[in-house]
Amino acid sequence: MTDSFAHALRLDQIRDGDRLDLNADEAERRVIAKRLGLPSLQCLEAHAALSRTGGDIVRVQGRLQAALDQACVVTGEPVPAHVDEHFDLLFMPEPQGDSTEEEIELGSADCDIVFHDGAAIDLGGAIADTLALSLDPYPRSAGADAALKEAGIMTEDQASPFAVLAQLKRSGNDKS
């Protein structure tokens, strides 16, 4: 197997027990950063073990590591982040037939199922998706609280129903 950041691995070339060390080069990191809306992605690597569980089903277990910057949700400033996640993905053939009318219930283990076309798996894409799911959805810079205060936005504690009731009680006591 190759030592580059693999985007497609042909099923007929995957052997049970294969191990991969995937490192995204600068161009690949730039594409992934743009796709995920990241200001920068300095490092992305994954170490994976592949196993064939029968037919066209491939299980990939490993570890994803990344160094990146996310944009602060308040100020837009870069917020440094490090991701170190274990993953367990199951690649299986796309279901056949018309399933648009059929309701499917997914369990927690089903969330890491990735469908393939029967010829190849997109391991690089699945790793980028895993990275996306590992990111902080609301990154905040050190200056975020000050920027919110300056804009007149209350903190969660100030806006809670109990804080509002306490304020009403205080203002009621002032009238007496």
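The values are calculated or read from the model by the stated rules, or taken from the named source; none is laboratory data. It should be emphasised that the depicted structure is a prediction, and the values quoted were computed from it without experimental measurement. Glycine also receives a Cβ, built like all others from the backbone with ideal geometry; neighbour counts cover every protein chain displayed.
Side notes on the structure shown:
- If only residues of region 50-85 that are part of a strand (DSSP E or B), over 18 Å from L133 (Cβ atoms) and of a type in the set (G, A, S) are counted, the one that is modelled with the highest pLDDT is S51.
- Screening T53 with (1) of a type outside the set (G, A, S); (2) within 16 Å of I121 (Cα to Cα); (3) surrounded by 15 or more Cβ atoms within 10 Å (Cβ to Cβ) gives one miss only, at (3).
- Residue within region 23-46 that is within 18 Å of V114 (Cα to Cα), assigned to a strand (DSSP E or B) and not acidic (D, E) present: yes
- Within the set A27, A46, the sole residue that is surrounded by fewer than 18 Cβ atoms within 10 Å (Cβ to Cβ) and either touching a Cys at 6+ places or on another chain (Cβ under 7 Å) or within 30 Å of P78 (Cβ to Cβ) (or both) turns out to be A27.
- Residues of region 119-154 that turn out to be under 25 Å from the mean Cα position of the chain (by Cα) and assigned to a loop (DSSP other than H, G, I, E, B), as a count: 10
- Residue check, L20 of a type outside the set (V, I, T) and in contact (Cβ under 8 Å) with a residue 60 or more places away in the chain: yes
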